[in-house]
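Read the figures in this text as sums done on the coordinates, not as results from a lab. Please read these numbers as outputs of a predicted model, since none were measured by experiment. Neighbour counts are summed over all protein chains in view; Cβ atoms, including those assigned to glycine, are modelled from backbone coordinates with ideal geometry.
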Amino acid sequence: MLLKPDKTVVTEPHHVWPNLSDEQWIKVEIALKDLILADYAKKNNVNVGALTQSEIRDIILGAEITPPSLQRQQIAEIEKQTKEQAQLTAVTTKTTN
């Protein structure tokens, strides 16, 4: 149905898209969403179930996003750098009487 509708689906001569009912368009929309997400998951080696709703929206709309695993790696690196900097800037005070 997605790419090759059956012979009962009519496309008017002056239309680009076929004439589908609301239910048929919903099925096409879901199939396209699943196809886009499966392609993204395959290319970026991630599980579709691990994606957040905002990530799914961005992927479907074509926004350039980094894979979740890469994001976690970048966050870990930033946290490590922050921790190292905190250790370097620690001040030791010594009091004498």
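For K43 and I65, the difference between the fully extended length at 0.36 nm per residue and the C-alpha to C-alpha distance is 6.7 nm. What FRET efficiency do you get for E84 and E29 if R0 is 41 Å and r is their Cβ-Cβ distance, rounded to the nearest 0.05? Efficiency for this residue pair is about 0.30.
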